[in-house]
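Here is the structure we will look at.
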Amino acid sequence: MTENVLIIDFGSQVTQLIARRVRESGVYSEIVPFNKAEEVLESFNPKAIILSGGPNSVTNIDTPRAPAQVFEMGVPVLGICYGQQTTCEQLGGKVESSEEREFGRAFLDVKEDSPLFDGIWKKGDHKQVWMSHGDRVTALPEGFKVIGTSENAPYAAIANEEKQFYGVQFHPEVVHTPDGAKLLTNFVRGIAGCSGDWTMASFRETEIAKVREQVGDQRVICGLSGGVDSSVVAVLLHEAIGDQLTCVFVDHGLMRAGEADEVVSLFRNHYHINLIHVDAQDLFLGRLDGVSDPEKKRKIIGNTFIEVFEEEANKIGGADFLAQGTLYPDVIESVSFTGGPSVTIKSHHNVGGLPERMNMDLVEPLRELFKDEVRILGRELGLPAAFIERHPFPGPGLAIRIPGEITSEKCEILRKADSIYLEEIRSAGLYNEIWQAFAVLLPVRTVGVMGDERTYEYVCALRAVTSTDGMTADYYSFDHDFLGRVSTRIINEVRGINRVVYDVTSKPPGTIEWE
């Protein structure tokens, strides 16, 4: 039986990191918005509950609270930051706003030994943690004791060990709390008693069984883009249901150099998956002709994809299920802590949404995984490293890497520049250090001199970021020699580009890059 940990989200930007840390300890976890928690508590059957941080103040009457049932289920509860504060307020303690706020690095003075600190901290220790709070607990509920303090938080860590309720004002989920991951492991495995046997191999077996139960003897159609997500979905489903699966690869002419051939070769010739390859390049580029607005481009691509996909589905006599590569960050970002509606289908696969007339149920075997976990599952399924390690590339492809009007000429220019960029990254042994790298053809032309000839050509921007799960990203710091070498090659080898720049912006949660 699966051991589950439920994380109730109060809106912290780093809630997803709690789930990651728990899963890294070998325990399965899911996040649910605070206002949806009550309806899933019993069905989820958690062995432990974690209450996240959040931007609100418990001192205000109309701010979020945990369902009362959380404290009545007899399972261990850990409150983090806002989660600690609402635990105290709901159980009879007191929280007040304070002028003595703590943001960033702080130090915890450990006042008592505790199962929460087992093997990492002991009484008398002075340990670095990461704080982010203005309010603070000023009185504890009955049965609680102080197990840690900081300079501006007299109740920085608290415990009711009889009921196994714990609270910390700091954030153990972030790397700036060096022993935080171990603290969370202590909670879910030591205190809650989870065995820690959740692995990707067990996930694979569970999901294959779920797919077989959901699909039965019916047919599934899958939109295969060649990216990591759809590739893993296709192979997992093929293992589960075999010839009941048909994949449709819509070649819209906006892919990187050589990718279309690679997709067809791997899935048709190696895996022997039923694959329909649709060459729709002229159709897509024709409909994008003269369109500059980025959102209009996305909708045109999405609607055209639906049209082509639906036409091919009808040719094979239709299907009962549509498979797609929805990941956990998609679920998290589409359901905000205030209860925003879930999207029907990922925008970079299908911008226009799934038409009701298609009358298919969704199969989403990856919706509980983070991106790096999908890569692990892909390795478990035996996918080649070239596919597993491939940098993420959005469904609209080059169209969102070409701001402004799309033309076949611009696509070819960008394709060549992008290919040189990735070739140099691979040659330098940097490809797997980088989460995502790509070139952008800017809608800017500059005057230049090449030899004795005056040129008026495009500017190419290069982008490379590091990330673990795709929720946040920071730019990759290339050395100047590398950037000089890449720039020289692009300018010399790609007619149409006479200037290259490098983008050094970071990506906070929820932002969109170059779209």
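Stretch LYS299-ASN432 to full length: gain in nm at 0.36 nm per residue minus the Cα-Cα span?
Values: separation 133, 0.36 × 133 = 47.88 nm, distance 3.22 nm.
So the extension gain works out to 44.7 nm.
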- Residues in the stretch 217-242 that a label on ILE208 would reach, taking backbone N under 20 Å of a point 7 Å out along Cα→Cβ: 217-222, 229-242
- Item | Point-charge dipole on Cβ atoms (K/R +1, D/E -1) for the stretch 49-159, about Cα centre, debye to 20 | 200 debye
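Could you work out the relative contact order of the stretch 76-168, using alpha carbon pairs under 8 angstrom and six or more residues apart, expressed as a whole percent?
Numbers: 196 pairs, mean separation 33.2, N = 93.
Over the stretch 76-168, the number comes to 36 percent.
Considering only DSSP beta bridges whose two residues both sit in the chain, what percent are antiparallel, to the nearest 5?
Values: 37 of 75 bridges.
Restricted to the chain, the bridges split so that about 50 percent are antiparallel.
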- Task: Could you tell me how many degrees, from 0 to 90 and to the nearest 10, lie between the Cα long axis of helix 371-380 and the main elongation axis, the longest principal axis, of the Cα atoms of the chain?
- Result: 70 degrees
- Solvent exposure of the chain as accessible area per residue, Å², 1.4 Å probe: 43 Å²
- Query: Which stretch or stretches of the stretch 59-88 have amide N atoms under 18 Å from the point lying 7 Å from LYS111's Cα along the Cα→Cβ direction?
  - Reply: 79-81, 84-88
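By accessible area of protein heavy atoms, probe 1.4 Å, what ranking do SER292, SER230, SER467 get, highest first?
Details: SER292 65, SER230 5, SER467 30 Å².
The residues order as SER292, SER467, SER230, largest area first.
With +1 on the Cβ of every Lys and Arg and -1 on the Cβ of every Asp and Glu, and nothing else charged, how large is the dipole of the stretch 399-447 about its Cα centre, in debye rounded to the nearest 20? Don't jump to the answer; show the numbers that get you there.
Values: 6 positive and 7 negative charges, 20 e Å.
It comes to approximately 100 debye.
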- Task: Order the following by accessible area, largest value first: HIS238, HIS176. Probe radius 1.4 Å; ligands, DNA and RNA are ignored.
- Result: HIS176, HIS238
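From the helices alone, meaning DSSP H stretches of at least four residues, give me the mean residue ellipticity at 222 nm for the chain, per-run term -39500 (n - 2.57), in deg cm²/dmol to the nearest 500. Mind showing how you got there, number by number?
On the way: 14 runs with 154 residues, N = 515.
Result for the chain, helices only: -9000 deg cm²/dmol.
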- Under a point spin-label approximation (7 Å from Cα along Cα-to-Cβ), what is the ASN152-GLU453 distance to one decimal in nm? 6.2 nm
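Does the stretch 189-293 classify as rounded, prolate or oblate by the C-alpha gyration tensor (a ≥ b ≥ c root eigenvalues; a/c under 1.5 gives rounded; else a/b over b/c gives prolate, otherwise oblate)? Can you show the working numbers first?
Values: a/c = 2.64, a/b = 1.86, b/c = 1.41.
Prolate, because a/c is 1.5 or more and a/b exceeds b/c.
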- Item | Accessible area (Å², 1.4 Å probe, nearest 10) - LEU369 | 0 Å²
- A 1.4 Å probe over the protein heavy atoms gives the chain a carbon and sulfur accessible-area percentage of 45 percent
- Message: Give the lysines whose C-alpha is closer than 27 Å to that of LYS163, dropping any in the same chain fewer than 8 places away, or say none.
- Response: LYS36, LYS47, LYS94, LYS111, LYS122, LYS123, LYS127, LYS145, LYS182
- Query: Between ASN492 and GLU38, what FRET efficiency follows from the Cβ-Cβ distance if R0 is 51 Å, with the result rounded to 0.05?
  - Reply: 0.20
- Which whole-number percent is the relative contact order of the chain (Cα, under 8 Å, 6+ apart)? 11 percent
- Task: On a C-alpha basis, how far is the centre of the stretch 405-447 from the centre of the stretch 3-19 in Å? Whole number, if you could?
- Result: 36 Å
- Relative to the longest principal axis of the C-alpha atoms of the chain, give the angle of the C-alpha long axis of helix 294-315, reported between 0 and 90° and rounded to the nearest 10°. 80 degrees
- Taking the Cα atoms only, what angle lies between the long axis of helix 200-215 and the longest principal axis of the chain, rounded to 10 degrees? 70 degrees
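The values are calculated or read from the model by the stated rules, or taken from the named source; none is laboratory data. This one's a predicted model, so the numbers in the text were calculated from it and none came from an experiment. All Cβ positions, even for glycine, are placed from backbone atoms using ideal geometry, and neighbour counts span all protein chains on display. Ligands, DNA and RNA are stripped out before the accessible areas are found, and what is left, the full protein with its side chains, is counted by its heavy atoms. Shrake-Rupley method; radii C 1.70, N 1.55, O 1.52, S 1.80 Å.
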